[in-house]
Structures are given as structure tokens and as C-alpha cells.
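Written below as C-alpha cells is the structure these notes are about.
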Amino acid sequence: MVIAEIKKIESSEKKLREFGFLIGGVLCALACLLMWRGRGSYRYFLIPGITLVIAGALSPRVLKPFQKAWMTLAILMNWVMTRVLLSVLFYLAITPIGLFMRLTGKDILNERLEPRKLSYWKIRPSNPHAPAEYEKQF
């Protein structure tokens, strides 16, 4: 699944140019922010940022291995974080609700077996509808 998604990464010239401009622009913006705050580490972001922007403008094909690696990392992070977030949601939200329902004896889905019951069928009243009601279902 993940491998198939990685193989589907689009690397057209337009996508490579977008990659160079976007990532290079973000790195340059981060460098400007660091320079504005007086940090000396702005050079570590400015040089790669300018390089990506120039490569994206002049020769986007040079960026193909970087874009493939970047997108592969993004797909792998997506796979991991989806499982982490769903697990956290399950154990912090759904499990306490289920435990509370069990402690209070609630049976929302009517799954409790009752040996004295002859049938579990729900008898619904048959309401004859006029043919005009079928025309306006909602």
C-alpha cells in the first residue's frame, strides 16, 4: 500500500518547479525570520532555500531525487501518524465512553440477550402512505 503510493509520486516538470519554489520559499522565509530575530543560523536555511528556488526556476529536473525523497518521507510520516492519531482517539475518547456505558448498564444497540423473549424482531406499525408522499422523499 505504502510502496504503491510511493511509486505513484508525480515528478512532472511542473511538480518539480512547484516543489523547488514552495520548499525554497519556505526555507527563505524561515531564514528571514531567523535573521530578523538576530540568529546566526539563518544561513543554514537561506542557502538551501535560494538554491531550491534557482534550481526550480532554471532546471527543475535536477530536483527530482530531492522531491522523491521528500515525498517518500511525507508518505511514511502520513502512514505512521494516521495510526498514532487513530490509536490516541480510540483509547482517549471511545474506550472511556464504552467503559462508562458498561458501568452504567446502558445497552444502546439492544444487544443484551433476554432468555424469556420469544423473538427479537421489532414489530413496526404499518402506516399506509399516499402515493404523493413517495415523490417527495426528503
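The values are calculated or read from the model by the stated rules, or taken from the named source; none is laboratory data. Since we're looking at a predicted model, the values are computed, not measured. Cβ: placed from backbone, ideal geometry, glycine included. Neighbour counts: every protein chain shown. We work out accessible area using only protein heavy atoms, side chains counted, and drop any ligands, DNA or RNA first. Shrake-Rupley method; radii C 1.70, N 1.55, O 1.52, S 1.80 Å.
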| query | So, with a 1.4 angstrom probe, what is the percent of accessible area on segment 1-84 that is carbon and sulfur? | reply | 72 percent
| task | Calculate, in whole percent, how much of the Cα-Cα pair population of segment 4-77 lies beyond 19 Å. | result | 40 percent
| remark: The Rg/Rh figure for segment 94-138, Cα atoms and Kirkwood Rh, to two decimals is 1.25
| query | What dipole magnitude, in Debye to the nearest 20, does the chain give about its Cα centre under +1 on Lys/Arg Cβ and -1 on Asp/Glu Cβ? | reply | 320 debye
| query | To the nearest 10 square angstrom, how much accessible area does residue 120 have with a 1.4 angstrom probe? | reply | 110 Å²
| task | Would you tell me the accessible area of residue 18, worked out with a 1.4 angstrom probe on the heavy atoms of the protein chains, in Å² to the nearest 10? | result | 80 Å²
| Reachable aspartates and glutamates from residue 64, criterion Cα separation under 12 angstrom, eight or more residues apart if same chain | 10, 13, 18
| query | Could you give the accessible area per residue of the chain, probe 1.4 Å, as a whole number in Å²? | reply | 88 Å²
| If ligands, DNA and RNA are left out, what is the accessible area of residue 26 with a 1.4 Å probe, given in Å² to the nearest 10? | 90 Å²
| request: Compute the Kirkwood hydrodynamic radius of the chain, taking the inverse of the mean of 1/r over all pairs of distinct Cα atoms, and give it in Å to one decimal. | output: 21.5 Å
| task | Distance between Cα centroids, segment 51-114 to segment 14-42: provide it in whole Å. | result | 27 Å
| query | For the pair residue 90 and residue 110, what calculated FRET efficiency results from E = 1/(1 + (r/R0)^6), where r is the Cβ-Cβ distance and R0 = 30 Å, to the nearest 0.05? | reply | 0.80
| task | Using only C-alpha atoms and all pairs of different ones, pull out the Kirkwood radius for segment 36-105 in Å with one decimal. | result | 16.5 Å
